[in-house]
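Sharing a structure, written as structure tokens. Questions coming.
The values are calculated or read from the model by the stated rules, or taken from the named source; none is laboratory data. Owing to the predicted nature of the structure, the values given are computational and were not obtained by experimental measurement. Note that we place each Cβ from the backbone using ideal geometry, even for glycine, and neighbour counts take in every protein chain shown. What goes into the accessible areas is simple: the full protein's heavy atoms, side chains included, and nothing from ligands, DNA or RNA. Shrake-Rupley method; radii C 1.70, N 1.55, O 1.52, S 1.80 Å.
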Amino acid sequence: MELKYEKKDVYNNLNEDEKIETNKYAIDYIDFLNKGKTEYLCVEEVLKILSENGFEDINLKTNLNVGDKVYFINKEKSIFATVIGKDNLAQGLNIIGGHIDSPRLDLKPMPLVERANIALLKTQYYGGIKKYQWLSIPLAMHGVIYNENGEKINISIGEDDDFCFTIADLLPHLAKDQMKANANEFIDPEKMSVILGNIKQKDVKKDAVKSNILKILNEKYGIKEIDFSRSDISFVPSFKAKFIGLDRSMIGGYGQDDRVCSYATIRAMVDASKEELNLQKTIVAMIVDKEEIGSTGNTSMSSLAFDMFLNKLIEKTNSKVDRLEVYYNSKMLSADVTAGVNPDYPEVSDLPNANIIGSGVAIEKYGGGSGKSYASEASAKFMSHVMRIFDKNNVIYQMGTLGKIGKGGGGTIAYILADKGVDVVDCGTAVLAMHSPFEVTSKYDVYMTYLAYKAFFKN
Ligand code: MN
Ligand code: MN
């Protein structure tokens, strides 16, 4: 009998069929990353997957019965989906929740300026970024803007076009003073302006380049400068997600935190409902927004929108149960990424308690900072519940904390549901270079995340 615990290597524990499945899944996931570069676009992609698989808008249903599949879209940026199970809702839900917002550069409300014959858009960064990583890389522009008549215009440019955008970093030759500043300060966030154009409109005396850009925007989209103040427009890396390595074992791409877990949640829900027509528990996928800035606002997990969705479920299934009791008896995986050990920086990780990429889906018993401050910790009993499900279903998993005590910390949506009485644990994919424009995951961990979620939904 083996008493010692050793991490498992996913690749060498898969059979040939499973390796083929891993690749297929990875290709679909890469496609999702390339299409879902903002929360708006992710909601559209998720909606496509759900609609193709028989899910309907909950508002179109008066009654819900076992096997029914419904969704609710929360203000275009967040989505909840559910499959009704055999148990009464009073016995709790099996919930998996991830987030689809990722660090990026948003526009300021009045962003358009001209300097040195260059038209620029002023940005404000969103989420925790190392600012220097976002300079001098190709950027794409995505979002929505409303014109004076209240018409919505979708903007998605710089991906497959023959042009994109960028922020010009300072050349090293003239960066002597800049290089003396500490890393927190050496990029001034007010100097992260996206280059839009350089041609002057003829016979215009002041800001002629800006005038020309406004002319192009008006011809293409029918918008005026003031319309930027009624827009949600973001700049994100325009390069495509790709396999990484000679062995193609990894995936590189923007926004894997947390689209890797969000995609797995949706795929797991769809496939669980196909494999088992009548699931025991009602299963719920929550794909939310605004996690990266602390889960604030009406599209975040903190909003009461999910409570409203739950009220609809209770009413339409005729469950006659208090919402608090549903929460109290529910179980949840908080589907979010965690840190993998960076081979160049092992000193920030406590190796026995850290995630090695390629060793399976990562379970994080607690997050938070030093002294477990603000941590939402899973109980021993709930850890046992989750590990037993994974063991029975050949899910390869590993136990990791984010890093060494005192090296920093990070949050997820786990605490928000825990506060409502749900048993919840963080469980997701380990990532290298998290929050960078090009994050890295193991494709085997990515697939194991999906298998883990599917097993959790079915048990
Ligand atoms: Mn995250
Ligand atoms: Mn994050």
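Would you work out the charge dipole size for region 105-237 about its Cα centre, treating the Cβ of every Lys and Arg as +1 and the Cβ of every Asp and Glu as -1, and quote it to the nearest 20 debye? Kindly include the intermediate steps, with their values, before the conclusion.
Details: 18 positive and 19 negative charges, 98 e Å.
For region 105-237, the charge dipole is close to 460 debye.
Hey, another quick one. Please find the FRET efficiency linking ARG115 to THR296, where r is the Cβ-Cβ separation and R0 is fixed at 45 Å, and quote it to the nearest 0.05.
On the way: r = 33 Å, r/R0 = 0.74.
My answer for the efficiency is 0.85.
To the nearest 20 debye, what is the magnitude of the charge dipole of the chain about its Cα centre, counting +1 on the Cβ of each Lys and Arg and -1 on the Cβ of each Asp and Glu?
With only Lys, Arg, Asp and Glu charged at Cβ, the dipole is about 500 debye.
Which of MET141, GLY158, LEU170 sits farthest toward the positive end of the charge dipole of the chain, with +1 on the Cβ of Lys and Arg and -1 on the Cβ of Asp and Glu?
LEU170
May I ask which residue of GLY222, GLY294, CYS261 lies farthest towards the positive end of the charge dipole of region 215-336, with charges of +1 (Lys, Arg) and -1 (Asp, Glu) on Cβ and the Cα centre as origin?
The residue sitting most towards the positive pole is GLY222.
With a cut-off of 8 Å between alpha carbons and a minimum separation of six or more residues, what is the relative contact order of the chain in percent? Intermediate values should be presented prior to the final figure.
Values: 974 pairs, mean separation 105.2, N = 459.
Once normalised by length, the contact order is 23 percent.
Per DSSP H run of n ≥ 4, the term is -39500 (n - 2.57); total these for the chain, divide by its residue number, and report the mean residue ellipticity at 222 nm rounded to 500 deg cm²/dmol. The partial results should precede the final answer.
On the way: 9 runs with 120 residues, N = 459.
For the chain, the value works out to -8500 deg cm²/dmol.
If R0 is 41 Å, what FRET efficiency do you get for LYS215 and LYS242 from their C-beta distance, rounded to 0.05? Could the numbers behind the result be given before it?
Working: r = 37 Å, r/R0 = 0.89.
Calculated transfer efficiency: 0.65.
Give, in nm to one decimal, the length gained when the segment between LYS224 and LYS180 is fully stretched (0.36 nm per residue of separation minus the Cα-Cα distance).
Going from the current span to full extension adds 11.7 nm.
Right, another one. What is the distance, in nm, between label points placed 7 Å from the Cα along the Cα-to-Cβ direction at LYS61 and at ALA90?
Output for this residue pair reads 2.1 nm.
Using Cα pairs closer than 8 Å and at least 6 residues apart in sequence, work out the relative contact order for region 343-459, in percent. Write down the numbers at each step before the final one.
Numbers: 179 pairs, mean separation 42.2, N = 117.
Relative CO of region 343-459 lands at 36 percent.
Working out 0.36 nm times the residue gap between GLU2 and VAL348, then minus their Cα-Cα distance, what length gain in nm do you get to one decimal?
Working: separation 346, 0.36 × 346 = 124.56 nm, distance 3.01 nm.
In short, 121.5 nm is gained.
Tally Lys and Arg at +1 and Asp and Glu at -1 over the other residues with C-beta under 13 Å from the C-beta of VAL113: what net charge comes out?
Details: positive: LYS108, ARG115, LYS122, LYS191, LYS206, LYS210; negative: GLU114, GLU190, ASP207, GLU225.
In short, +2.
Please work out the average accessible area per residue across region 105-237, using the 1.4 Å probe convention, and give it in Å².
Working: 7650 Å² over 133 residues.
On a per-residue basis, region 105-237 sits at 58 Å².
If I take all pairs of Cα atoms in the chain, what percentage of them are more than 42 Å from each other?
On the way: 19959 of 105111 pairs.
Result: 19 percent of Cα pairs exceed 42 Å.
For region 158-205, report the convex hull volume of the alpha-carbon atoms normalised per residue, in Å³, without decimals.
On the way: hull volume 7.5 nm³, N = 48.
Per-residue hull volume (Cα only) is 157 Å³.
Per residue, how much accessible surface does region 327-401 expose to a 1.4 Å probe? Answer in Å², no decimals.
Numbers: 3590 Å² over 75 residues.
Here the residues of region 327-401 average 48 Å² of exposed surface.
Counting only protein heavy atoms and using a 1.4 Å probe, what share of the accessible area of region 185-332 belongs to carbon plus sulfur, as a whole percent?
Values: 3540 of 6850 Å².
The C+S portion of the solvent-accessible surface of region 185-332 is 52 percent.
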